[in-house]
Amino acid sequence: MGVFLSLVKFLIKLGLAALVMVLLAAAGVYYTLAPELPDVEALRETQYQTPLRIYSGDGKLIAEFGEKRRTPVAYESIPEDFIHAFQAAEDSRFFEHIGIDIKGLTRAAVQLATSGHIQSGGSTITMQVAKNFFLTRERTFKRKFSEILLALRIERELSKEEIFALYINKIYLGQRSYGIEAAANVYYGASINELSLAQMAMIAGLPKAPSADNPISNPERALARRNWILSRMHGLGYISDQDYEEARAAPLTASYHGADIELDAPYIAEMVRSELFEQYGENLYNDGFRVYTTIDSTRQKAANRALHAGLLAYGKRHGYRGPESQLDTAPTPELVASTLERMTDYSGLLPAVVTAVHDKSIDAVLKSGETVTVEWNGLDWASAYRSQNARGPAPKKAADILAVGDVIRLLETEKGWELSQLPRVQGAFVALNPNDGAIQALTGGFNFSLNKFNRATQAFRQPGSNFKPFIYAAALENGFTPASLINDAPIVYHDTSLDKLWRPENYSRRFYGPTRLREGLYKSRNLVSIRLLRAVGIETTIDYVTRFGFPPDRLPRNLSLSLGTADLTPLEVVHGYAALANGGYRIAPYLISRIEDPQGNLIREATPLQICQDCPTEQTMTDAKLAPRIMDPRTAYQMYSMLQDVIRQGTGTRAQVLDRSDLAGKTGTTNDQKDAWFSGFNRDLVASTWVGFDQPQPLGRHEFGSSAALPIWIDFMQTALADIPEHGPTQPDGIVRVKIDPSSGLLAYPDQDDAIFEVFRTEDAPTQYTQGTAGNAHSRGVTTEDIF
C-alpha cells in the first residue's frame with residue numbers, strides 16, 4: 001500500500017512538473033510571439049476585396065469588374081439554417097467555446113508528434129478567421145500557436161456574431177466566389193435568403209475543397225459532402241427528421257451563374273471603368289466601389305433595340321451575303337454540335353446549321369440542340385447581295401437562298417424565326433438631358449463582344465449636313481434672319497486651302513434660285529450653306545461654333561465647313577445640339593452620377609453645370625456652377641423653330657409618325673453617302689445617331705440620314721418620350737411673329753394667299769412690303785451678288 005501511495009505521489013509530482021514545464025513553455029512561446037501578433041482591432045475596419053459594380057441611375061446592374069466576386073452580408077441577414085450548416089461543417093461548439101477546441105488541438109498535437117506534420121486542423125471558426133485575415137497557410141507549430149493566440153484575442157475583442165460574419169464574408173467558395181452571398185449567386189443565381197436547406201448545406205461544405213469539390217467541378221463529391229453535413233445537422237438537432245429526409249433527397253441544382261447583369265450597356269461600363277482606372281489603378285477592382293451612372297435603363301434598352309434594328313434593316317435592304325460557312329460533310333448531330341459550340345451569340349443573332357430545305361421553309365438546329373423551322377415570311381427578303389447599289393432577283397423558293405449544311409444566323413421575332421446576318425455596317429447612338437448634360441443612353445456599336453470600338457466616343461466622322469444648324473446659328477447672330485435670301489445657284493471656287501477648283505452641288509443636282517434661310521436649312525440646300533458661310537466669314541463662324549464645344553483644330557478653315565467636313569464624334573455632335581435644345585446654354589456631358597463605398601458612404605457626386613434662365617449673361621459666363629449662355633435666347637428660339645420645320649416639311653418628315661409638335665432636328669449625309677446622321681430633340685431630351693462603315697465607304701446611293709439614321713432615332717424616341725408631355729421652346733422677349741411673302745422675305749400684302757409666318761428679333765422684323773428681293777437682301781447686310 002505504501003509503495004502504491006508513493007507511486008501516486010511521484011506521478012502527481014511528475015504531472016505537476018510537466019504541467020509547470022508546459023505552462024512555462026507556453027508562457028515562453030507567448031512572450032516570444034505576442035509582440036509579433038497583429039492588432040485584432042483592425043478586424044473591425046475590415047475592407048473586403050470586393051469587385052467594382054456599375055449601375056444605371058435607376059439601380060440596374062450594368063457590369064462587375066474584379067477577380068473576386070463578393071457581396072458582404074451582415075450577420076442579422078444570415079438565415080439560421082445557414083448558420084447551423086456551417087456549425088455542422090466546421091465548428092459545432094462555436095457559440096460555446098472561447099475560440100479554441102481542446103479535442104481538436106489534442107488531435108493535431110498527436111499528429112505533429114508522430115509524423116512531424118499537422119495533417120488535420122482542429123481549427124475553430126475563430127481560428128480560421130485568425131488564419132484567413134492575418135496568417136500564412138504554412139503548416140508549422142509556430143503558425144498554429146500564433147493562430148491559437150490570435151483566436152483567444154479575437155474572442156476577447158469581438159462578439160461571436162462579428163466573428164461569424166467575418167468568416168462567412170471572407171472564405172473562398174469556388175468559381176471566383178468569396179463569401180456566402182457571392183456563392184449563392186454563382187451556384188444558384190439567388191440570394192442567401194432564397195436558398196433551400198439542401199443548397200445551404202451544399203455551400204457550407206465548400207470551404208474544405210472549394211476548387212476541387214464544388215458542385216460544378218465535381219458534383220458527386222460535392223453531393224456526398226452536402227449529405228454528410230445534413231446528417232450532422234440532423235444529429236446535432238438543428239433540423240427535424242422530415243427536413244433532413246427532404247433535403248437529402250433534393251437533386252443537385254447548382255449551375256454556373258455569371259454576374260446578374262440587369263442592363264446591357266457594355267460600352268457604358270467600359271467608359272466608366274476606363275475613367276476610374278486612371279484615378280484608382282488596380283485598387284479599382286478590389287475596393288468595392290458602387291458606381292451609379294446617369295443612364296436611364298428604359299432609354300438604354302430602347303437605344304440598344306433601335307440601333308440593332310436599324311443596322312439589321314440596312315443589311316436586309318442590301319441583300320443576303322450568304323451563309324457564314326458550309327459544313328464539309330453531312331450535318332450529323334455530332335458535327336453540328338461541335339460547329340455551333342465554337343460560335344458566339346451576338347445580340348440575339350443565334351448561330352444555326354441548316355438540316356433540311358423545303359419548298360418555302362427550312363429546318364435548322366440551334367446551339368441548344370433545338371430544331372426550328374423558318375417559314376417563307378422569314379426568308380423571302382433574302383435576295384442575294386451584289387453590291388451596295390445592287391442585289392439579285394427575289395428568291396422564289398428556299399433553295400434559292402440556302403442549302404443543307406449552311407451555317408447561318410437566325411433571329412426570333414414576334415412573327416417567328418427569321419434568317420438574319422451579322423451586319424457589316426456599324427452605328428452609334430447617344431442621348432442626353434440637354435438641361436444638365438446627363439447621358440441617358442449610349443451605345444457604341446452593334447455588339448461590344450463583336451467589336452469593342454466605341455463609335456459614340458472614338459469614331460471621328462464627318463457630320464455632313466448635320467453640322468449646318470451651327471453655320472445658320474452663326475449667321476443669325478451676325479445680321480441674318482430666317483427670312484434672309486441666299487441664292488441657290490451654280491458656283492465655282494478656287495480655294496487655296498482646298499488646292500483645287502470646287503464645284504459644289506445640291507444632292508438633286510438642281511438649283512432653286514433665291515432661297516430663304518429657313519427653307520435652305522429644312523431642305524438642306526448645300527449651295528445656300530456655302531454662300532452663307534462665305535457671307536458671314538470663315539473665321540467669324542469658327543469662332544462662334546467653337547462655343548458649342550467643337551474642337552477648333554478639327555474644324556476646316558475653308559468653305560467645306562458649311563457641308564460638315566469637320567471630324568467629330570457622335571458625343572461631340574449631340575453635345576452641340578444640346579445648346580440648340582436648351583435655349584442656348586453650353587452644358588457638359590457627364591456619365592457618373594455618384595460613387596459609393598461598400599457601406600454606402602458617398603465618395604464622389606457629380607456637380608453638373610446648371611442652367612439659369614433668369615441670370616444675366618455676365619453671371620452665367622463667370623460662375624463655375626452655372627452653364628454659360630452661348631447663344632442669344634432669341635437666336636436659340638429661331639433655330640429651334642427652323643429645325644422643327646425639318647420634321648414638318650423637310651428631310652425629317654418621317655419623324656411625324658411620333659405625332660408630336662415639340663420635336664426638332666436635322667438629317668446629315670456626307671459625300672458619296674459614306675456617313676448618315678440624324679440629331680433631334682425637344683426641351684428635355686436630345687439624341688444623335690450615326691450609321692456608316694468603320695472603314696469609310698459608300699452606304700449606297702439610296703442611303704441618307706433620313707433613311708439610315710432617322711428610323712433609329714424615331715424608334716428610340718417612341719419609347720423614350722412615351723407618356724411624356726410635349727415640351728417645346730418658350731418664346732423669349734424680343735421675338736415677334738410676322739406674316740411675310742415667302743418669295744422675298746418682306747412683309748406680305750394683306751390677304752396674300754401664300755403668306756407665311758416667320759419669327760424675327762424685334763429689331764430685325766421687316767418694315768417694307770414685298771416689292772422684290774434686293775431691298776430685303778441689303779437690309780440684312782447681304783449683297784445682291786450673294787443672292788443672285
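The values are calculated or read from the model by the stated rules, or taken from the named source; none is laboratory data. Please read all numbers here as calculations on a predicted model, not as lab measurements. Because the Cβ atoms are built from the backbone with ideal geometry, glycine has one as well, and the counts that use them run over all protein chains shown. Remember, those area values only see protein heavy atoms, side chains included, never the ligands or the DNA or RNA. Shrake-Rupley method; radii C 1.70, N 1.55, O 1.52, S 1.80 Å.
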Subset of region 157-170 [out of contact with any Gly (no Cβ under 7 Å at 6 or more places or on another chain) and either of a type in the set (A, V, I, L, M) or without any contact (Cβ under 8 Å) to a residue 24 or more places away in the chain (or both)]: LEU158, SER159, ILE163, ALA165, LEU166
Exclusive hit being free of Cβ contacts under 8 Å to residues at least 40 places away in the same chain, closer than 28 Å to ASP694 by Cα and either over 39 Å from the mean Cα position of the chain (by Cα) or open to solvent by 20 Å² or more (accessible area, probe 1.4 Å) (or both), set THR565, THR546: THR546
Qualifying residue in region 344-361 (condition: surrounded by fewer than 19 Cβ atoms within 10 Å (Cβ to Cβ), at positive phi and not in a strand (DSSP E or B)): yes
Matching entry among ASP662, ASP632 (being acidic (Asp, Glu) and surrounded by fewer than 18 Cβ atoms within 10 Å (Cβ to Cβ)): ASP632
Strands (runs of 3 or more DSSP E) fully within region 680-769 counting 3 or more residues that are open to solvent by less than 20 Å² (accessible area, probe 1.4 Å) and small (Gly, Ala, Ser): 686-692
Qualifying positions in region 67-95 - of a type outside the set (Gly, Ala, Ser), more than 25 Å from ASN227 (Cα to Cα) and part of a loop (DSSP other than H, G, I, E, B): GLU67, LYS68, THR71, PRO72, VAL73
Top-ranked residue of region 364-400 - restricted to ones that are surrounded by 16 or more Cβ atoms within 10 Å (Cβ to Cβ) and in contact with a Ser or Thr (Cβ under 7 Å, 6 or more places away or on another chain), ranked as farthest from ASP672 (Cα to Cα): VAL365
Test: residue in region 635-644 that is within 30 Å of TYR385 (Cα to Cα) and buried (at least 18 other Cβ atoms within 10 Å of the Cβ): no
Members of region 171-204 that are in contact with a Lys or Arg (Cβ under 7 Å, 6 or more places away or on another chain), modelled with pLDDT of 95 or more and either of a type in the set (Gly, Ala, Ser) or closer than 23 Å to PHE65 by Cα (or both): ALA198, ALA201
Count of region 262-302 residues which are more than 12 Å from GLU64 (Cβ to Cβ), open to solvent by 30 Å² or more (accessible area, probe 1.4 Å) and not in a helix (DSSP H, G or I): 5
Flag if THR719 is touching a residue at least 40 places away in the same chain (Cβ under 8 Å) and farther than 17 Å from ARG461 by Cβ: yes
Matching residues in region 331-343 - criterion: being open to solvent by 70 Å² or more (accessible area, probe 1.4 Å) and assigned to a loop (DSSP other than H, G, I, E, B): ARG342
